[in-house]
Amino acid sequence: MVSLVQQQIIGLLRQRHKIGPGKEDDFTVRSQQEIAKTAIAQSKTMTALLLGVAIISLVVGGIGIMNIMLVSVTERTREIGIRLAIGARGMDILLQFLVEAVTLGVVGGLVGIGAGILASKVIVAQWHWSATVPPEWIVLAFLVSAVVGIFFGFYPARKASRLDPIDALRYE
């Protein structure tokens, strides 16, 4: 039915625009289904772009966590050596630095969650758009920030746990 009406509209428009047979139309006629498909495609494209930006942001934030933790390990080499010399195991050191990395990631995640909620409220107030923040997404964001902290904090924590106590005690 839609394509029949669409063909009738095209015929009427060609007649009113005085377009002869075999010539190209100077207009387009689209159905609601075509418009909906275009809107869905645009929505998927925007989602992919936002996902890409989010992934890049997580990697950059993770690299920041790793750099902070590596500096922390370097500055605290003597402390690590003392702890190892008095009986701490490598696993204790590893867990200490992993907890610190996860703390950095979670605090960053909480700040990001707060900024996101605030931004959605501003968008709703300013432009009268509808915006909701599902609780599942807040939990997911929190978990992702913790995982980023673990993933990017593991290398510095492992490096700290493998320090030789004697070399660490000599370190200045």
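Count neighbours as other Cβ atoms within 10 Å of each site's Cβ, and list the chymotrypsin sites (Phe, Trp or Tyr not before Pro) in the range 101-141 that are DSSP loop with at most 11 such neighbours.
Details: sites: 127, 129, 137; in loops: 129.
Answer in residue order: 129.
Roughly speaking, to the nearest percent, how much of the range 1-71's 1.4 Å accessible area is carbon and sulfur? Write down the numbers at each step before the final one.
Values: 3840 of 5770 Å².
That fraction is 66 percent.
Counting only protein heavy atoms, what percent of the accessible surface of the range 81-172 is carbon or sulfur at a 1.4 Å probe?
72 percent
Leaving out ligands and nucleic acids, and using a 1.4 Å probe, what accessible area per residue does the range 63-150 come to in Å²?
It amounts to 63 Å² per residue over the range 63-150.
For the range 85-172, what does the relative contact order come out to in percent, with C-alpha contacts under 8 Å and a separation of six or more?
Computed over the range 85-172, the figure is 52 percent.
Once the whole set of protein chains is in place, how much accessible area is left on residue 44, using a 1.4 Å probe, in Å² to the nearest 10?
Rounded to the nearest 10, the figure is 140 Å².
With every protein chain present, what accessible area does residue 139 have (1.4 Å probe, heavy atoms only), rounded to the nearest 10 Å²?
80 Å²
Expressed as cubic angstrom per residue, what is the convex hull volume of the alpha carbon set of the chain?
Here the figure is 209 Å³ per residue.
Could you compute how much accessible surface residue 136 exposes when probed at 1.4 Å, giving the result in Å² to the nearest 10?
120 Å²
Can you tell me, using C-alpha contacts under 8 Å and at least 6 residues apart, the relative contact order of the chain as a whole percent?
Once divided by the residue count of the chain, the mean separation gives 33 percent.
The values are calculated or read from the model by the stated rules, or taken from the named source; none is laboratory data. Given the structure is predicted, the values throughout are model-derived calculations rather than measurements. Note that we place each Cβ from the backbone using ideal geometry, even for glycine, and neighbour counts take in every protein chain shown. Heavy atoms of the whole protein, side chains included, go into the accessibility calculation; ligands, DNA and RNA do not. Shrake-Rupley method; radii C 1.70, N 1.55, O 1.52, S 1.80 Å.
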